[in-house]
Amino acid sequence: MTQNRLHKTSFFSWPRRKSTNPWGPRWVLLPFFWRLIIRACTAVGAMVLISVLVGAFYASSQTAPPLPDRMILSLTLDQDFAEHENDALAGIPGFADKQPPTIRDVVDALERAADDPRVVGLVAEMKGGPGNLAHLQELRAALGRFRTLHGKPAYIYASSYGEAGGLGAYYLASAFDQIWLQPMGTVSVSGLRAEMPFARDALDRLGIAPEFFARKEYKSIFESLTDREMSPANRTATQALIDDLGTRMVAEIAQDRGLSEMTVKTQLDKGLLTDEEALAAGLVQRVDYPDILKAEMMTDAETDVSLSRYIHGLAHERKAAAKGKKDDPRTWVALVYAVGAIVSDGDSGFYGEESASAATISEDILSAAEDDSIKAIILRIDSPGGSPTASETIRRAIVRAREEYNKPVIVSMGATAASGGYWIASPADRIFALPGSLTGSIGVAGGKVALTGLWNKIGVNWDAVQYGDNTGLWSLNAPLSESGTERFNALMDRTYEGFIARVAEGRHMSPEDVDNVARGRVWSGAQAQQRGLVDALGGLSAALDYTAETLGVANRDDLAVVVLPRPLSPFEKITDLIEGQVRVGESLKVFAGLLVPLQAVFEPSALTIKP
């Protein structure tokens, strides 16, 4: 006699149905993949936390070594510099040397070194270098001051300049006294080129219909999806932009190297030069090895000090000098950063990718305005734009700071202050831009893609019920109706008109004059100054000099700068780093969730009902 055996189950469990899938067991890849991600993130987070805590303990027991009495600064140019101090790893013990300093730190250190009698020279090694034209121009200005203030030499060395093409590497190198090149190296001065992919044919083949709207003809942000080649307006504007930047770079290279612009342009048209050709053309001064350069430079100095160590040494000296002082006699100003895409309320992206949160920035601006000890606000912008409503939130805070609290607001543009980035710049008392800053783009664009054709190609049919005539306005599974198209056009018109009105008010121009230089067109900083969108050319140092002059102090050294958003402490950055891992995991979980409906498509026998 056999005895039936009952399988004990949870009250909430469901009996498992025998699979009828002829292809084998049900798809269990997603749950396994998700568990694997969770465990990997946990392990990585634990290792990061342990290493950081050990590094913090070690660092806390160390004291900063004093800077030597005679030194040559060394600078390795292998990546772009950060704009803001709140980089995910910068400042964390054990990781600080793996992250670039901010462009402000580097420029400030070079300008202080120019007047520091302990510093007798500078040697830089090019291993890639900044790819940001505005940063290159700020560095060039600081190098010029370093070389000319007290005649200190600045040499640069590279195995090759610009191996990946372009003009940026040599453009920066040309600001040094001597340019050294390793034997058998090359100098690439292939000029400037703007390439844009156009995916309309691919989207048509996939059955994806782009439905985008723009105001006006130069607003080409979605052209890669809607067109098959550059529109005439886009080509005209981009060519004019490239010509302006290239002509200016050639003129500056020629001036620094003591060559004619024609000579530089002739070499640029060749694109690639060997070591012997570069030496003969006067583009480099020495073809030799780095040990030779070091031996020649070190004869006049006690030791070489990295610029990073010099920056930390200066900070330690300032901190030591401030001990025992009750009050700082300097004039206080706020330096507010708006870096990244402008959003209503957001934090850093994955592993330090910043967004410009309107909630945070507007609060920082108003807090500085309300603080009687803060006498002016400098807004540093490096943003390609973003949400019009978020941009308006920041603009309103600037207007209130000026009108209600009588605080001057000065804008310093970094690499980009376009579209929404210009929206928030427009009400400032004065706007500074680098010649190579990308700004303007006074316009608006928006829309969506309709995936109806794609779903039809793979045999997926979406059905829906709705309450409201335009509920499918934002759906990717339905094309825009005639009413939806009318609504999008109304939004585009209203936003563009509002943008024009705000720029006209801030820049004291007529709406007609603004429209003539707007229409979505991107300008270089130099072009923008010629058209009244920018007041003066210069970097953050120039903006600080102007602020000092406005406040009636001798120079920017007499300004005490409060950076906002407040730089995070090392342990706050650790928290952000770990939270970033969680966000990665959550995003993968969402992605896995998006695949679940496809499981039902490819596995018809598996039907899942969720409460």
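Out of curiosity, is Ala320 hydrophobic (A, V, I, L, M, F, W, C) and either crowded, with 17+ Cβ neighbours inside 10 Å or over 30 Å from Val561 (Cα atoms) (or both)? Here the answer is no, as Ala320 does not meet what is asked.
Can you say whether Asn489 is touching a helix residue (DSSP H, G or I) at 6+ places or on another chain (Cβ under 9 Å) and open to solvent by 40 Å² or more (accessible area, probe 1.4 Å), as far as the supplied structure shows?
Numbers: touching a helix residue (DSSP H, G or I) at 6+ places or on another chain (Cβ under 9 Å): no; open to solvent by 40 Å² or more (accessible area, probe 1.4 Å): yes.
So Asn489 fails the test.
May I ask you to list the residues in the range 542-560 that are out of contact with any helix residue (DSSP H, G or I) (no Cβ under 6 Å at 6 or more places or on another chain) and either under 18 Å from Leu438 (Cα atoms) or open to solvent by less than 40 Å² (accessible area, probe 1.4 Å) (or both)? Answer for the range 542-560, where residues must be out of contact with any helix residue (DSSP H, G or I) (no Cβ under 6 Å at 6 or more places or on another chain) and either under 18 Å from Leu438 (Cα atoms) or open to solvent by less than 40 Å² (accessible area, probe 1.4 Å) (or both): Ala542, Ala543, Thr547, Val553, Ala560.
Okay, residues lined up against (1) open to solvent by less than 10 Å² (accessible area, probe 1.4 Å); (2) free of Cβ contacts under 8 Å to residues at least 40 places away in the same chain:
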position: Leu143; (1), (2): yes, yes
position: Phe146; (1), (2): yes, yes
position: Lys152; (1), (2): no, yes
position: Gly166; (1), (2): no, yes
position: Gln178; (1), (2): no, no
position: Gln182; (1), (2): no, no
position: Ala194; (1), (2): no, no
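Residue pairs whose Cβ atoms lie under 6 Å apart, sitting 6 or more positions apart in sequence or on different chains, and linking a residue in the range 208-223 that is touching a residue at least 60 places away in the same chain (Cβ under 8 Å) to a partner that is in a strand (DSSP E or B) and aromatic (Phe, Trp, Tyr), are Phe222/Phe212. Taken over the range 461-475, the criterion of being surrounded by 16 or more Cβ atoms within 10 Å (Cβ to Cβ) and hydrophobic (A, V, I, L, M, F, W, C) is satisfied by Leu473 alone.
Taking the range 454-476 only, how many residues are of a type in the set (D, E, K, R) and more than 17 Å from Arg487 (Cβ to Cβ)? Let's see the steps before the verdict.
Within the range 454-476, the subset of a type in the set (D, E, K, R) is 457, 463, 469.
With more than 17 Å from Arg487 (Cβ to Cβ) added as a condition, the list becomes 457, 463.
Summing the residues that are of a type in the set (D, E, K, R) and more than 17 Å from Arg487 (Cβ to Cβ) in the range 454-476 gives 2.
Pairing each residue of the range 230-245 that is under 17 Å from Leu268 (Cβ atoms) and without any contact (Cβ under 8 Å) to a residue 60 or more places away in the chain with any residue that is open to solvent by 20 Å² or more (accessible area, probe 1.4 Å) and not in a helix (DSSP H, G or I), provided the two are 6+ apart or on different chains, yields C-beta distances under 9 Å for Gln239/Ala194; Ile242/Leu192; Ile242/Arg193; Ile242/Ala194; Asp243/Leu192. Checking the structure you have, find out if any residue of the range 515-526 is open to solvent by 40 Å² or more (accessible area, probe 1.4 Å) and acidic (Asp, Glu). No; the residues of the range 515-526 include none that is open to solvent by 40 Å² or more (accessible area, probe 1.4 Å) and acidic (Asp, Glu).
Residues of the range 503-534 being part of a helix (DSSP H, G or I) and touching an Asp or Glu at 6+ places or on another chain (Cβ under 8 Å), which ones?
Ala504, Ala526, Gln527, Gln529, listed by residue number.
Please work out if Leu544 is touching a Leu at 6+ places or on another chain (Cβ under 8 Å) and either of a type in the set (A, V, I, L, M, F, W, C) or without any contact (Cβ under 8 Å) to a residue 60 or more places away in the chain (or both). Answer is yes for this residue. Of all residues in the range 265-288, those satisfying the criterion of being free of Cβ contacts under 8 Å to residues at least 40 places away in the same chain and touching a helix residue (DSSP H, G or I) at 6+ places or on another chain (Cβ under 7 Å) are Lys265, Ala281, Gly282. A search for C-beta distances below 6 Å between a residue of the range 393-413 that is at positive phi and any residue that is part of a helix (DSSP H, G or I) and of a type in the set (D, E, K, R), counting only pairs 6+ apart in sequence or on different chains, returns nothing.
Of the numbered conditions (1) under 15 Å from Ser159 (Cβ atoms); (2) in contact (Cβ under 8 Å) with a residue 12 or more places away in the chain; (3) not β-branched (Val, Ile, Thr), Asp291 satisfies every one except a single condition; which is it? Going through (1) under 15 Å from Ser159 (Cβ atoms); (2) in contact (Cβ under 8 Å) with a residue 12 or more places away in the chain; (3) not β-branched (Val, Ile, Thr) one by one, Asp291 breaks only (2).
The values are calculated or read from the model by the stated rules, or taken from the named source; none is laboratory data. Predicted, not measured: the structure shown is a model, and the values here were computed from it. Positions of Cβ are generated from backbone atoms using ideal geometry, with glycine treated the same way; all protein chains shown enter the neighbour counts. The protein model used for the area step is the full one, side chains on, heavy atoms only, and it has no ligands, DNA or RNA in it. Shrake-Rupley method; radii C 1.70, N 1.55, O 1.52, S 1.80 Å.
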